[in-house]
Amino acid sequence: MPQAVELRVNGRVQTLAVDGRVPLLQVLRNDLGLNGPKYGCGLGECGACAVLIDGVAARSCSIPLDGVAGRAVTTLEGLGTAERLHPVQQAFIDTQAAQCGYCLNGMLMATVALLQRHPRPTDAQARTALQHHLCRCGTHLEILAAVQRAAD
Ligand code: FES
């Protein structure tokens, strides 16, 4: 049953009349037009749908809207702009870390969260932070290089 839910997404506060049990990912993509987070598995396993919730990487396909009421949600669109990319976005471009690009939303959001906790992560810390983000193209080495480049 739809109810008024107050959302804070990318610094903007808005109230939506949506069933609070609906996954956050669905609301971001379908109601707010934020297509950075991708639908992959829908089961919390692939990482394609990652967002930051109060600065912590989380899987938006597995979090009901009620779970983020009053919390700060950041999507890929909230990191940088086309004119002024976030340093992590620029690092991924510089290292040519993308092939198909479908996993990149999750990789980027997880990297941003990692660098907030560990500005100079070890390779092991980077691998741990990204280990549950699936990339079928196999650009893992370039992605790990991008993490280190972003930390420089
Ligand atoms: Fe959310 Fe795969 S779509 S983890």
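Values quoted throughout were computed directly from the atomic coordinates according to the rules given, and no laboratory measurement underlies them. Keep in mind that what you see is a predicted model, and the values were worked out from it rather than measured. In this analysis, Cβ positions are derived from the backbone assuming ideal geometry, glycine residues included, and neighbour counts consider all displayed protein chains.
Things worth noting here:
- Vicinal HN-Hα couplings computed from phi for region 102-116 (Karplus, 6.51 cos²θ - 1.76 cosθ + 1.60; Hz; Gly/Pro x): 5, 7, 4, 3, x, 4, 5, 5, 5, 5, 4, 5, 4, 5, 5
- Region 84-101 versus region 4-82: alpha-carbon centroid distance in Å: 22 Å
- When the chain is described by a simple charge dipole with +1 on each Lys and Arg Cβ and -1 on each Asp and Glu Cβ, the residue from Leu114, Gly70, Leu24 located farthest towards its positive end is Leu114.
- Rg in Å to one decimal, and Dmax rounded to a whole Å, for region 44-96 via C-alpha atoms: 12.9, 38
- Under 5 Å between amide hydrogens, built in the peptide plane, is the criterion, and for Gly20 it picks out Gln3 among residues at least 5 positions away or on other chains.
- The fraction of Cα-Cα pairs per 10 angstrom bin, counted from 0 for the chain, comes to 12, 43, 32, 12, 2 percent, rounded to whole percents.
- Structure-based [θ]222 nm, the chain - -39500 (n - 2.57) summed over DSSP H runs of at least 4, per residue, nearest 500: -8000 deg cm²/dmol
- Over region 2-78, the pair-distance histogram of Cα-Cα distances with 10 Å bins from zero comes to 22, 61, 17, 0 percent, rounded to whole numbers.
- Helix 140-151 and the longest principal axis of the Cα set of the chain meet at an angle near 90°.
- Of Leu16, Leu52, Leu130, the one that fluctuates the most in a GNM where the chain has Cα springs shorter than 10 Å: Leu16
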